[in-house]
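What follows is a set of notes on a single structure, which appears directly below.
The values are calculated or read from the model by the stated rules, or taken from the named source; none is laboratory data. Quick caveat: nothing in here was measured; it's all calculated off a predicted structure. Cβ atoms come from the backbone with ideal geometry, glycine included; neighbour counts cover every protein chain shown.
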Amino acid sequence: MQGHIEFVKFILSRNLLLATELDLRKSSALHVASIKGYVEIVKKLLVVNPEMCLTHDCEGRNHLHFAVIKGRVEVIKELVQASYLAALRTTECDENILHLCEK
């Protein structure tokens, strides 16, 4: 399953700012799509706002961190292509993406 890409496209056609909204834990739709491995949704969200690659949640984890933890290789490729800087970021506990590979 690749998520509901058509629904995501529909929602974003009505309000692009939803791609940048954060929840109480400072997670975005890009966090969720990265965790779930929804490559097409990740691509769409990155088109809307590539800078979202650099945002992080309340524990300092960005979208790439979650994709690495979950082993979402195709998502990892998309995120690194969008912004290699995300790969250089560490979490609040100073974990880099190599540390997170073993989680």
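Any idea how many residues of the stretch 61-103 are touching a Pro at 6+ places or on another chain (Cβ under 9 Å) and of a type outside the set (A, V, I, L, M)?
Applying the first criterion (touching a Pro at 6+ places or on another chain (Cβ under 9 Å)) to the stretch 61-103 yields 82-83.
Among the residues that remain, those that are also of a type outside the set (A, V, I, L, M) are: 83.
Qualifying residue count, the stretch 61-103: 1.
Where residues in the stretch 88-101 are part of a loop (DSSP other than H, G, I, E, B) and in contact with a helix residue (DSSP H, G or I) (Cβ under 9 Å, 6 or more places away or on another chain), which of them is nearest to L54 (Cα to Cα)? Spell out the reasoning first.
Step one: list which residues in the stretch 88-101 are part of a loop (DSSP other than H, G, I, E, B), which gives 89-96.
Filter once more, keeping what is in contact with a helix residue (DSSP H, G or I) (Cβ under 9 Å, 6 or more places away or on another chain): 89-91, 93, 95-96.
On the way: R89: 8, T90: 11, T91: 12, C93: 17, E95: 16, N96: 14 Å.
Residue satisfying both the conditions and the ranking: R89.
What is the residue count in the stretch 40-75 for residues that are closer than 15 Å to C101 by Cα, without any contact (Cβ under 8 Å) to a residue 40 or more places away in the chain, of a type outside the set (G, A, S) and buried (at least 21 other Cβ atoms within 10 Å of the Cβ)?
Going through the stretch 40-75 one residue at a time, the tally reaches 8.
Before we move on, is S13 more than 18 Å from E92 (Cα to Cα), among the polar types (S, T, N, Q) and within 11 Å of the chain's Cα centre (by Cα)?
On the way: more than 18 Å from E92 (Cα to Cα): yes; among the polar types (S, T, N, Q): yes; within 11 Å of the chain's Cα centre (by Cα): no.
So S13 does not fit the description; no.
I'd like to check something: does the stretch 87-103 contain any residue that is buried (at least 20 other Cβ atoms within 10 Å of the Cβ), touching a strand residue (DSSP E or B) at 6+ places or on another chain (Cβ under 9 Å) and not aromatic (F, W, Y)?
no
So that you can scan it fast, the table gives a plain yes or no per residue for (1) under 19 Å from I5 (Cα atoms); (2) of a type in the set (V, I, T):
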residue: L18; (1), (2): yes, no
residue: D23; (1), (2): no, no
residue: L30; (1), (2): yes, no
residue: V47; (1), (2): yes, yes
residue: E51; (1), (2): no, no
residue: L54; (1), (2): no, no
residue: C58; (1), (2): no, no
residue: F66; (1), (2): no, no
residue: E92; (1), (2): no, no
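List pairs: first residue in the stretch 1-29 and within 12 Å of L45 (Cα to Cα) and hydroxyl-bearing (S, T, Y), second residue assigned to a helix (DSSP H, G or I) and modelled with pLDDT under 95 anywhere in the structure, Cβ distance under 7 angstrom, at least six positions apart or on different chains.
Every condition considered, the pairs that remain are T20/M52; S28/T20; S28/M52.
Right, H99: over 22 Å from I5 (Cα atoms) and in contact (Cβ under 8 Å) with a residue 24 or more places away in the chain or not?
In short, no.
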